[in-house]
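Step one of this worksheet: look at the structure below.
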Amino acid sequence: GLLSDWNADFTNAVGLSFDGSSAGLGLRSQRYSMLVKNGLVERLYIEENPSICNLSSAENLLKAL
C-alpha cells in the first residue's frame with residue numbers, strides 16, 4: 001500500500017531523508033520503493049538521481065514479487 005509520512009518520521013527512521021532547504025523544499029524523502037514482508041525489508045530500491053524514477057518504479061518493484 002501507499003502511506004503518507006507527513007512529518008518524515010518514517011523517512012528519518014530509515015535514513016532516507018535529505019535536506020532540500022537550498023531549493024526551498026525543506027526536509028524531503030529520497031525517491032525509493034521498498035518491499036516489506038512480515039516487518040522485514042526484502043528489497044530496497046533507491047534512486048541516485050531524484051528526477052528519475054526507474055529503480056523505484058512500481059514496475060521494477062513488481063518484478064521482485
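Worth pointing out:
- Matching residues, region 26-43, being part of a loop (DSSP other than H, G, I, E, B), exposed (fewer than 14 other Cβ atoms within 10 Å of the Cβ) and at pLDDT 85 or above: ASN38, GLY39
- Members of region 1-25 found to be loosely packed, with under 10 Cβ neighbours inside 10 Å and in a loop (DSSP other than H, G, I, E, B), listed by number: GLY1, LEU2, LEU3, SER4, TRP6, ASN7, GLY15, GLY24
The values are calculated or read from the model by the stated rules, or taken from the named source; none is laboratory data. Being a predicted model, the structure only gives us computed values, none of them experimental. So basically every Cβ, Gly included, is an ideal-geometry build from the backbone, and we count neighbours across all protein chains shown.
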